[in-house]
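Visitor: Dropping a structure here in structure tokens format, bear with me for questions.
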Number of protein chains: 8
Amino acid sequence: MGSKSDWPVMQHAAEMLERLGVAYEARVVSAHRTPKRLYDYATSAQARGLKVIIAGAGGAAHLPGMAASMTILPVLGVPVAATALQGQDALLSIVQMPGGIPVGTLAIGKPGAINAGLLAASILALSDPELSARVAALRAEQTAGVPESPLE
Amino acid sequence: MGSKSDWPVMQHAAEMLERLGVAYEARVVSAHRTPKRLYDYATSAQARGLKVIIAGAGGAAHLPGMAASMTILPVLGVPVAATALQGQDALLSIVQMPGGIPVGTLAIGKPGAINAGLLAASILALSDPELSARVAALRAEQTAGVPESPLE
Amino acid sequence: MGSKSDWPVMQHAAEMLERLGVAYEARVVSAHRTPKRLYDYATSAQARGLKVIIAGAGGAAHLPGMAASMTILPVLGVPVAATALQGQDALLSIVQMPGGIPVGTLAIGKPGAINAGLLAASILALSDPELSARVAALRAEQTAGVPESPLE
Amino acid sequence: MGSKSDWPVMQHAAEMLERLGVAYEARVVSAHRTPKRLYDYATSAQARGLKVIIAGAGGAAHLPGMAASMTILPVLGVPVAATALQGQDALLSIVQMPGGIPVGTLAIGKPGAINAGLLAASILALSDPELSARVAALRAEQTAGVPESPLE
Amino acid sequence: MGSKSDWPVMQHAAEMLERLGVAYEARVVSAHRTPKRLYDYATSAQARGLKVIIAGAGGAAHLPGMAASMTILPVLGVPVAATALQGQDALLSIVQMPGGIPVGTLAIGKPGAINAGLLAASILALSDPELSARVAALRAEQTAGVPESPLE
Amino acid sequence: MGSKSDWPVMQHAAEMLERLGVAYEARVVSAHRTPKRLYDYATSAQARGLKVIIAGAGGAAHLPGMAASMTILPVLGVPVAATALQGQDALLSIVQMPGGIPVGTLAIGKPGAINAGLLAASILALSDPELSARVAALRAEQTAGVPESPLE
Amino acid sequence: MGSKSDWPVMQHAAEMLERLGVAYEARVVSAHRTPKRLYDYATSAQARGLKVIIAGAGGAAHLPGMAASMTILPVLGVPVAATALQGQDALLSIVQMPGGIPVGTLAIGKPGAINAGLLAASILALSDPELSARVAALRAEQTAGVPESPLE
Amino acid sequence: MGSKSDWPVMQHAAEMLERLGVAYEARVVSAHRTPKRLYDYATSAQARGLKVIIAGAGGAAHLPGMAASMTILPVLGVPVAATALQGQDALLSIVQMPGGIPVGTLAIGKPGAINAGLLAASILALSDPELSARVAALRAEQTAGVPESPLE
């Protein structure tokens, strides 16, 4: 994520990955304050064995797109509502990438972080039948948890 | 895609997949006009052997999210600028999914379609070293194609 | 409604229907977490004798439009402000339907829920003179309740 | 509609009503230039035997809401993109009604006009089985008209 | 104003008028809940000797424009932030009037209410030299009240 | 107006004033390129006998507000759609004035220019019965010019 | 800055300048309430030996652009979120300047104020090697202060 | 600039620099397609003797902010309207930088490019009296070029 202050949002991605038994590392990499760290992180990610990068950032959110520019791994971006514009700036900064450098963008804030974890798991599940089963189970549980009536 | 009229945009996803040698099928599935077709398509996608679903739609763009609600395959969404609001409606309709049902959203229009194809290939490349090499080559070619000067 | 958490808003629709003596059922049907329930609900609604469907949802609010895609009953949509975008996402997701599948959309939040109940009653009143009289009475009462001066 | 210049959009509502065999009248009633005509039209609509009012307007679009304020008939509003803001002003002016005076709002422009005609028909179909059958047939035809492939 | 709930904002217009010694009346006239009252109020305003009408409203704010449609008196509009959209809906509903029916629109909320009172006074001051002097004095006082340093 | 390029829009204000027999002067005063001219113009306006100032500008439209800061005459502002943001920037730059310095803001573009001329005439008509009659006649003519049917 | 109430935001610019040892003066100059003070301030700034002007303002934020219109010194603008629109109005009012009168605009609110101070220092550092070293040190310190992990 | 396609906009910055006799280099550096080139360019800029960096980009415009993250030279950003969102995405992606990494942002498109050139010259003029005189002359010429009347 781009800042330690993004953790209250981004931890929901981590929790989802934990719940699904997907190994991950949580790192603070600021596109703007630590560009060298970003450069090193993104260019080495594939060689280090990472499979998917989830990047969350707010405001002029350049982290997901810049990470994507330096790796061919799938990059998922989570806009964080960190400014007066409530995440609209982050959403557009992340999603409006030019042709050639994709970032799979999720919703602003907590639902986006949850879904980044879940989409990463769905991607990894393509070649991991056990993970696929765990994702399917979680989805089924989620469906079962919806009450019939608002008063239940 | 949600409508035949989305094809001029969505064909860029198809072209990217072709260029990278990724097999695909292009289908018109309207969330609103053919909900049964959507239901059948999405619920059977995994069993039919599909790996990634790319869904493009405009306006109140429900196709990507509804597809995602009925499969655990990764779903990528492309907002199409089909109304007076120039794709802002489609972008928000696709990206603002609730926690639990992820759609990896790309940019509005042609760059988003290109990137949906490329991101799908990147996802598949995680377990296909040859495809991974082709993606890397395309990315390198892309980098090499940027001129040093605007006057070149 | 799309989620139990929409109830604080959507109960205003229920209260209006109760006040006007219109029978109704309140159900949680999540387009994204329970698509099968939505499919069953919408396709059977007319046969079950329902006359009007009021659907409230937030974020990428697909419930009203998807319900409308599977029934010819009038569907009324209420955008709920459930995300950082304060209902702008839900409004556009509900109102910008393509030609052929209408959703009569009301205001964001509580006023929209009140009005969904009232509009549903106005629709039913077309063939129910007693209900029509009750609607007229409520409207007259409402008019009478506006003070002449802000200091009254 | 609020202006003769709205006709290119609003005629799509008329065409839908004609196609479904629903009798209608098309009138120009400007909330701002002919407020007396609006007052007379709206207050007499129910007595004249009208069942549903479809009102289309652009910019500061007050016609639908003001019509709704003077009748208990269901009022459907169609935002027309008539200004530099491309219908965003009309959409908000129509949909954001206060609790107590509902306007069922459709999409901006042509799709909204089509849907206003269709929703009006769906409302009338609640007490007209033959119309209901015609609406169902149109919807089925619409579904059947969606090609399987974008290249068909 | 359109609702008693607008008074906390609109009282700033009243206070400005009082401070400048301009006689005024404060009335609640809801465009939507009391259209007849609005009709009577606006059509009789000039004959009753009113000179300027200040109208404040929120959401789908039709009061200023509808008042303007029924009088040739200058009408000033104040958008009130009464909904989830924080006055953006009211601003567009008030300012985007079609050619032929003007509303002089002020800022959203308190500053707009203050300025509506002040602009009304400036208009009346064109034919009232004493009022003109009082407006000039207030403006001078206002200028004098700006400190040189933020720490004063 | 702020630029000669605003004339195609602002001439509609001039035409309205001519049609109503109101004397006026049309001047180019750029807040940004000729601040001294603006300063001289605004501070001398009242002494020169001007009654109302109509100021049109686009983009970061500072002309109306700055004129208002230097005179107690009523200032009317017309946002011109001169940039990629289609007048949204000009609208907010003109209307969102702080308490104490009012600008009566009209619609973006041509309708706003027409209405600025008409509102200025309405203001002057308060102390000019003949002008008042001409304004009333124009408004009546306008009402009469609305056809009953879109097909007339 | 345009108002004493902008100080809680703008003091962050002052603090940055202090931290970097850059002499500055903090003045309240309201474009709208004290236009003469603004005129005097901006036209004399260069002669008084000022090098860079930082101007912060909210709403219809005219201060930065008007200062820029009267000096050739670099002017930096900070949008302050002072209204219901949360700084969107101020941002557009500051950044959308016409060709010929530049304002270097920073982010809305506190980050923008910090950056205005830092950018001013970077500008002055071009001809002040010691300041350049202090800016470089601050930037390095900033980089070093980013933790590796969100849990540190 | 971020793409050769930005040149029609960005050449206006070059023309302004030429007109003012400021040496410059025009380079295509894509943040996303050539991140290594960006890294090399930005980290070496100061040592190579550059004084100011002007960076223009569209969509998810990361070039200005990323350049700023790797140099302490002043960086000026120009949002280019390259997508369906007409530069709103680029504006927010450039201006909403976090505290610590400033980008002085100009208007969307051509006026912004002109102003970037002019602001860069104003910055350099602080230590170059001859350039300062040329900037002052250009500004005076610009002022003199504003006609008194729109009909001149």
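Visitor: When the residues of the stretch G:1-50 are narrowed to those that are more than 21 Å from G:Leu73 (Cα to Cα) and among the small types (Gly, Ala, Ser), which ends up least open to solvent (accessible area, probe 1.4 Å)?
Guide: G:Ser3
Visitor: Here is a further query. If I ask for residues that are touching a residue at least 24 places away in the same chain (Cβ under 8 Å) and of a type in the set (Gly, Ala, Ser), which ones from the stretch G:23-63 would you list?
Guide: Once the filter is applied, which keeps residues that are touching a residue at least 24 places away in the same chain (Cβ under 8 Å) and of a type in the set (Gly, Ala, Ser), the stretch G:23-63 yields G:Ala26, G:Ser30, G:Ala31, G:Ala42, G:Ala45, G:Ala55, G:Gly56, G:Ala57, G:Gly58, G:Gly59, G:Ala60, G:Ala61.
Visitor: Also, quick follow-up: For the subset of the stretch A:74-90 comprising residues that are at the interface with chain H (Cβ under 10 Å from one of its Cβ atoms) and within 16 Å of A:Met10 (Cβ to Cβ), which member is modelled with the lowest pLDDT? Please lay out each step first, then the result.
Guide: Taking the stretch A:74-90 as the starting set, the residues that turn out to be at the interface with chain H (Cβ under 10 Å from one of its Cβ atoms) are A:77, A:82-85, A:88-90.
After this cut, where a residue has to be within 16 Å of A:Met10 (Cβ to Cβ) as well, the list is A:77, A:82, A:90.
Working: A:Gly77: 98, A:Ala82: 95, A:Ala90: 98.
Among those residues, the one meeting the criterion is A:Ala82.
Visitor: Can you name the condition, by its number, that G:Met66 falls short on among (1) hydrophobic (A, V, I, L, M, F, W, C); (2) in contact (Cβ under 8 Å) with a residue 24 or more places away in the chain; (3) within 21 Å of E:Pro111 (Cβ to Cβ); (4) out of contact with any Phe, Trp or Tyr (no Cβ under 9 Å at 6 or more places or on another chain)?
Guide: That leaves (4) as the condition not met.
Visitor: Let me ask something else about it. Just wondering, is there one or more residues in the stretch F:139-151 that are open to solvent by 10 Å² or more (accessible area, probe 1.4 Å), of a type in the set (A, V, I, L, M) and under 22 Å from E:Ala68 (Cβ atoms)?
Guide: Yes, there is a match, as at least one residue in the stretch F:139-151 is open to solvent by 10 Å² or more (accessible area, probe 1.4 Å), of a type in the set (A, V, I, L, M) and under 22 Å from E:Ala68 (Cβ atoms).
Visitor: Go through the residues of the stretch F:9-27 one by one and say whether even a single one is of a type in the set (Asp, Glu) and in contact with a strand residue (DSSP E or B) (Cβ under 9 Å, 6 or more places away or on another chain). I'd like the intermediate steps shown before the answer.
Guide: Of the stretch F:9-27, the ones of a type in the set (Asp, Glu) are F:15, F:18, F:25.
Next cut, in contact with a strand residue (DSSP E or B) (Cβ under 9 Å, 6 or more places away or on another chain) only: none.
So far as the stretch F:9-27 goes, no, none of its residues is of a type in the set (Asp, Glu) and in contact with a strand residue (DSSP E or B) (Cβ under 9 Å, 6 or more places away or on another chain).
Visitor: Further question on the same structure: Of all residues in the stretch B:126-151 being of a type in the set (Gly, Ala, Ser) and assigned to a helix (DSSP H, G or I), which is nearest to B:Leu76 (Cα to Cα)?
Guide: Step one: list which residues in the stretch B:126-151 are of a type in the set (Gly, Ala, Ser), which gives B:127, B:132-133, B:136-137, B:140, B:144-145, B:149.
Remaining after also requiring assigned to a helix (DSSP H, G or I): B:132-133, B:136-137, B:140, B:144.
On the way: B:Ser132: 19, B:Ala133: 22, B:Ala136: 21, B:Ala137: 23, B:Ala140: 24, B:Ala144: 28 Å.
Here the answer is B:Ser132.
Visitor: Also, quick follow-up: When the stretch D:99-125 is examined, which residues are found to be in a loop (DSSP other than H, G, I, E, B) and not small (Gly, Ala, Ser)? I'd like the intermediate steps shown before the answer.
Guide: Of the stretch D:99-125, the ones in a loop (DSSP other than H, G, I, E, B) are D:99-103, D:106-109.
Scanning the stretch D:99-125 gives D:Ile101, D:Pro102, D:Val103, D:Leu106, D:Ile108.
Visitor: Kindly indicate whether C:Thr71 is modelled with pLDDT of 95 or more, β-branched (Val, Ile, Thr) and out of contact with any helix residue (DSSP H, G or I) (no Cβ under 7 Å at 6 or more places or on another chain). Lay out the reasoning, then the answer.
Guide: On the way: modelled with pLDDT of 95 or more: yes; β-branched (Val, Ile, Thr): yes; out of contact with any helix residue (DSSP H, G or I) (no Cβ under 7 Å at 6 or more places or on another chain): no.
When the stated conditions are applied, C:Thr71 does not pass them.
Visitor: Of the residues B:Leu91, B:Leu76, only one is assigned to a strand (DSSP E or B) and either under 29 Å from H:Pro35 (Cα atoms) or in contact with a Phe, Trp or Tyr (Cβ under 6 Å, 6 or more places away or on another chain) (or both); which?
Guide: Working: B:Leu91 fails: assigned to a strand (DSSP E or B).
The unique qualifying residue is B:Leu76.
Visitor: Tally up the residues in the stretch G:1-22 that are of a type in the set (Asp, Glu), over 23 Å from E:Gln142 (Cα atoms) and in contact (Cβ under 8 Å) with a residue 40 or more places away in the chain, please.
Guide: Residues of the stretch G:1-22 of a type in the set (Asp, Glu): G:6, G:15, G:18.
Next, from what is left, pick out any that are over 23 Å from E:Gln142 (Cα atoms): G:15, G:18.
Still in the running and in contact (Cβ under 8 Å) with a residue 40 or more places away in the chain: G:15.
Residues flagged as of a type in the set (Asp, Glu), over 23 Å from E:Gln142 (Cα atoms) and in contact (Cβ under 8 Å) with a residue 40 or more places away in the chain within the stretch G:1-22 amount to 1.
Visitor: Kindly check whether there is at least one residue in the stretch A:112-134 that is in contact (Cβ under 8 Å) with a residue 40 or more places away in the chain, within 9 Å of chain B (Cβ to nearest Cβ) and open to solvent by 10 Å² or more (accessible area, probe 1.4 Å).
Guide: yes
Visitor: Of the numbered conditions (1) in contact with a strand residue (DSSP E or B) (Cβ under 8 Å, 6 or more places away or on another chain); (2) within 23 Å of A:Ile123 (Cβ to Cβ); (3) of a type in the set (A, V, I, L, M); (4) assigned to a loop (DSSP other than H, G, I, E, B), B:Ala82 fails exactly one; give the number of that condition.
Guide: All conditions pass for B:Ala82, except number (2).
Visitor: Does A:Ile72 satisfy the criteria of being open to solvent by 10 Å² or more (accessible area, probe 1.4 Å) and either farther than 30 Å from G:Asp89 by Cβ or not hydrophobic (A, V, I, L, M, F, W, C) (or both)?
Guide: On the way: open to solvent by 10 Å² or more (accessible area, probe 1.4 Å): yes; either farther than 30 Å from G:Asp89 by Cβ or not hydrophobic (A, V, I, L, M, F, W, C) (or both): yes.
Criteria met by A:Ile72.
Visitor: Condition test on D:Ile108, is it among the aliphatic types (A, V, I, L, M), closer than 23 Å to E:Ser3 by Cβ and at the interface with chain C (Cβ under 8 Å from one of its Cβ atoms)?
Guide: Working: among the aliphatic types (A, V, I, L, M): yes; closer than 23 Å to E:Ser3 by Cβ: no; at the interface with chain C (Cβ under 8 Å from one of its Cβ atoms): yes.
Criteria not met by D:Ile108.
Visitor: Given (1) open to solvent by 20 Å² or more (accessible area, probe 1.4 Å); (2) more than 8 Å from chain A (Cβ to nearest Cβ); (3) touching a Ser or Thr at 6+ places or on another chain (Cβ under 9 Å), identify the lone condition not met by C:His62.
Guide: Status for C:His62: all satisfied but (1).
Visitor: Then there is this: Would you mind stating whether H:Ala23 is modelled with pLDDT of 95 or more, of a type outside the set (D, E, K, R) and farther than 29 Å from A:Val95 by Cα?
Guide: yes
Visitor: Looking at A:Leu73, is it hydrophobic (A, V, I, L, M, F, W, C), over 18 Å from B:Ala55 (Cα atoms) and without any contact (Cβ under 8 Å) to a residue 24 or more places away in the chain?
Guide: no
Visitor: Which condition does G:Gln46 not pass, out of (1) part of a loop (DSSP other than H, G, I, E, B); (2) farther than 17 Å from G:Glu25 by Cα, if it passes all the others?
Guide: Result: G:Gln46 fails condition (2) only.
Visitor: Just to be sure before I move on: is G:Ser93 open to solvent by less than 10 Å² (accessible area, probe 1.4 Å), at the interface with another protein chain (Cβ under 8 Å from one of its Cβ atoms), under 26 Å from G:Thr43 (Cβ atoms) and of a type in the set (Gly, Ala, Ser) in the structure I sent? Steps first, please.
Guide: Numbers: open to solvent by less than 10 Å² (accessible area, probe 1.4 Å): yes; at the interface with another protein chain (Cβ under 8 Å from one of its Cβ atoms): yes; under 26 Å from G:Thr43 (Cβ atoms): yes; of a type in the set (Gly, Ala, Ser): yes.
Spelling it out, G:Ser93 is indeed open to solvent by less than 10 Å² (accessible area, probe 1.4 Å), at the interface with another protein chain (Cβ under 8 Å from one of its Cβ atoms), under 26 Å from G:Thr43 (Cβ atoms) and of a type in the set (Gly, Ala, Ser).
Visitor: Tell me the residue from F:Ala67, F:Ala55 that is under 10 Å from the mean Cα position of the chain (by Cα) and open to solvent by less than 10 Å² (accessible area, probe 1.4 Å), please. Can you show your working first?
Guide: Numbers: F:Ala67 fails: under 10 Å from the mean Cα position of the chain (by Cα).
Result: F:Ala55 is the single residue among F:Ala67, F:Ala55 that is under 10 Å from the mean Cα position of the chain (by Cα) and open to solvent by less than 10 Å² (accessible area, probe 1.4 Å).
Visitor: Identify the single condition in (1) more than 7 Å from every other protein chain (Cβ to nearest Cβ); (2) within 22 Å of C:Gly87 (Cα to Cα) that B:Thr71 does not satisfy, given that it satisfies every other one.
Guide: (2)
The values are calculated or read from the model by the stated rules, or taken from the named source; none is laboratory data. These figures come from a predicted structure and were not determined experimentally. Please note: Cβ atoms are built from the backbone with ideal geometry, for glycine as well, and neighbour counts cover all protein chains shown. For accessibility, only protein heavy atoms count, side chains too; no ligands or nucleic acids. Shrake-Rupley method; radii C 1.70, N 1.55, O 1.52, S 1.80 Å.
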